[in-house]
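Chemist: I'd like to ask you about the structure that follows.
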Amino acid sequence: MQGWGPRDIAYAGIIAALYATLTIILAPISFGVYQVRVAEALAVLPFLFRSAPVGLFIGCLIANIYGGYGVQDIIFGSLLTLMAGYLTYFCAKIKSVHLGMILAPLPPVLLNGFGVAVYLSEMTGMSYFFVVQMIGLGEMAACYLLGLPLLIFLRSRIRKSRIIG
Amino acid sequence: MTNRLIIGQYRPLDSFGHRLDPRAKILCAIFLMIISIFTTSYIFYSFLIVGLGLMLILSDITVRTILKNSRPFLILVLITALYHLLFSARDTHTIGELFGYKLTEGGLAMAVAFSLRMLVFVGIAFFVSLTTMPADMAETLVGWLKPLQRIGIPINDIGLMVFIAMRFIPVLAEELDTIKKAQIVRGVNFSGGLKNRARKMTVLLIPVFQAAIRRADDLAVAIESRGYVSGSERSSLRIYKFRRADWLFLIIAIISATIIFLLTMEEPWLK
């Protein structure tokens with residue numbers, strides 16, 4: 001975060017607000033074992049914005065406060081989102097842009113699928129692998145069906161206008 | 001969309017629960033959630049649920065608000081209970097049948113215990129989120145992260161990001177609503193199957209994100225023009241002070257939960 005300017009801070013704050021808004025408004029499908037958290041589509045943003053991982057972390061932290069799944073979800077859920085955000089950020093460093101874009105939504109799917117399932121299976125007493133499948137499927141729907149088209153669109157717009165970066 | 005009741009949304013009231021220091025409430029929540037993991041005692045969970053119910057009543061939260069907020073969670077509790085009834089502890093004593101499916105004593109015990117545990121977690125989250133301003137919660141968390149400043153993490157910048165996020169949640173919620181209505185007017189149909197809804201979500205997500213980026217650019221100019229220096233020391237509008245009531249609340253909650261935990265540890269039905 002060293003050397004971040006006002007623009008990075010503003011972007012992170014707004015990304016956090018958008019993540020939290022989408023999660024809270026769509027709360028019935030954003031929490032629990034059977035979830036499709038639409039806001040996770042924003043998890044591809046670190047590919048384009050360097051401050052996005054922190055924004056996603058803050059947004060997830062705020063949203064999870066409302067979730068009803070406790071301190072584990074607030075702390076570990078947000079940290080997993082932060083880690084996934086930085087892995088997505090590193091996907092942008094891959095030489096092949098197309099490969100990088102295809103891989104960009106993968107870290108949130110894997111980290112949330114396997115990570116969130118640890119405490120959610122403990123809380124609900126459900127089998128770990130059952131929860132991994134459910135969370136993983138929801139994440140895949142959000143990140144690949146919504147996130148990837150968003151990433152493709154934004155990247156093309158950025159290349160055309162060069163107003164963001 | 002924005003007029004709908006948002007789950008766990010802060011209720012601005014003046015009650016015992018609202019007046020408590022946010023740090024006391026969050027510390028208590030952390031303790032109760034951690035201790036709840038180390039037991040499956042239905043007596044322990046029942047005590048916590050009664051205690052949380054009392055706290056919510058003392059905080060002027062009506063039963064209607066609780067029921068309205070808890071609907072999605074009750075569905076999950078039901079699914080959790082069904083899952084355990086049908087799939088858990090299959091090798092224990094059979095007690096009956098449900099739609100031709102064998103019900104076991106162990107399965108029923110796990111269904112009760114884990115459903116109650118879920119209710120405890122939801123109750124704790126409700127008590128904290130309905131009685132604590134989001135900004136207070138964020139400030140508490142940022143305050144606890146202050147020691148990380150020593151290893152070079154700019155906590156004050158993170159604090160600013162948190163406050164931007166808090167400030168813009170209602171603004172973006174309104175914008176999302178406006179854009180959704182505008183897309184409906186243009187003929188976009190958001191109803192239908194899951195696949196259709198997911199596909200149409202991109203029609204909503206992209207303009208919302210573009211609008212958010214425009215706001216971020218304006219905000220960056222505003223931050224810069226006010227001479228914000230990253231990493232510099234910032235002061236807080238609110239100064240929290242632990243009062244006697246906060247200490248009493250915290251100590252009574254922790255001691256009573258610990259005593260009930262210890263007394264119900266050897267409960268024979270559910271160990």
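Chemist: Can you tell me which of (1) modelled with pLDDT of 85 or more; (2) in contact with a helix residue (DSSP H, G or I) (Cβ under 8 Å, 6 or more places away or on another chain); (3) over 20 Å from A:Leu48 (Cβ atoms) is the one A:Glu122 doesn't meet?
Modeler: Failed condition: (1).
Chemist: So, one more: Yes or no: region B:10-21 includes at least one residue that is acidic (Asp, Glu) and either surrounded by 20 or more Cβ atoms within 10 Å (Cβ to Cβ) or modelled with pLDDT of 90 or more (or both).
Modeler: Among the residues of region B:10-21, at least one is acidic (Asp, Glu) and either surrounded by 20 or more Cβ atoms within 10 Å (Cβ to Cβ) or modelled with pLDDT of 90 or more (or both), which makes the answer yes.
Chemist: List the helices (runs of 4 or more DSSP H) inside region A:71-165, counting only whole elements, that have at least 3 residues being away from every other protein chain (no Cβ under 12 Å) and aromatic (Phe, Trp, Tyr).
Modeler: Hits in region A:71-165: A:78-91.
Chemist: B:Lys241: surrounded by fewer than 14 Cβ atoms within 10 Å (Cβ to Cβ) and either in a helix (DSSP H, G or I) or outside the structural domain of B:Asp21 (by TED's automatic domain parsing) (or both), yes or no?
Modeler: Taking the combined requirement at face value, the residue does not satisfy it.
Chemist: Quick one: how many residues across region B:91-125 are without any contact (Cβ under 8 Å) to a residue 60 or more places away in the chain and among the basic types (Lys, Arg)?
Modeler: Count: 1.
Chemist: Just one of A:Tyr19, A:Tyr11 is under 28 Å from B:Met33 (Cβ atoms) and within 11 Å of chain B (Cβ to nearest Cβ); which is it?
Modeler: Details: A:Tyr11 fails: under 28 Å from B:Met33 (Cβ atoms).
Only one candidate passes the filter, namely A:Tyr19.
Chemist: Taking A:Arg37 and the conditions (1) at the interface with another protein chain (Cβ under 7 Å from one of its Cβ atoms); (2) basic (Lys, Arg); (3) in contact (Cβ under 8 Å) with a residue 40 or more places away in the chain, which numbered condition does it fall short on, given that it satisfies the others?
Modeler: Of everything listed in (1) at the interface with another protein chain (Cβ under 7 Å from one of its Cβ atoms); (2) basic (Lys, Arg); (3) in contact (Cβ under 8 Å) with a residue 40 or more places away in the chain, A:Arg37 misses just condition (1).
Chemist: Within region B:55-89, work out how many residues are part of a helix (DSSP H, G or I), free of Cβ contacts under 8 Å to residues at least 12 places away in the same chain and farther than 22 Å from B:Gly100 by Cβ.
Modeler: Number satisfying all stated conditions: 7.
Chemist: Being surrounded by fewer than 17 Cβ atoms within 10 Å (Cβ to Cβ), at pLDDT below 80 and within 12 Å of chain A (Cβ to nearest Cβ), is that true of even one residue in region B:37-48?
Modeler: Within region B:37-48, the subset surrounded by fewer than 17 Cβ atoms within 10 Å (Cβ to Cβ) is B:37-38, B:43, B:46.
Within this subset, residues satisfying the condition of being at pLDDT below 80 are none.
No, every residue in region B:37-48 fails to be surrounded by fewer than 17 Cβ atoms within 10 Å (Cβ to Cβ), at pLDDT below 80 and within 12 Å of chain A (Cβ to nearest Cβ).
Chemist: With the requirement that a residue be outside any helix (DSSP H, G or I) and either out of contact with any Gly (no Cβ under 7 Å at 6 or more places or on another chain) or modelled with pLDDT under 80 (or both), what does region B:139-171 give you? Talk me through it step by step, then tell me what you get.
Modeler: Keep residues of region B:139-171 that are outside any helix (DSSP H, G or I), which gives B:152-154.
Once the filter is applied, which keeps residues that are outside any helix (DSSP H, G or I) and either out of contact with any Gly (no Cβ under 7 Å at 6 or more places or on another chain) or modelled with pLDDT under 80 (or both), region B:139-171 yields B:Gly152, B:Ile153.
The values are calculated or read from the model by the stated rules, or taken from the named source; none is laboratory data. For clarity, every value in this text was computed on a predicted model and none was experimentally measured. Every residue, glycine as well, gets a Cβ built from its backbone with ideal geometry; the counts of neighbours run over all protein chains shown.
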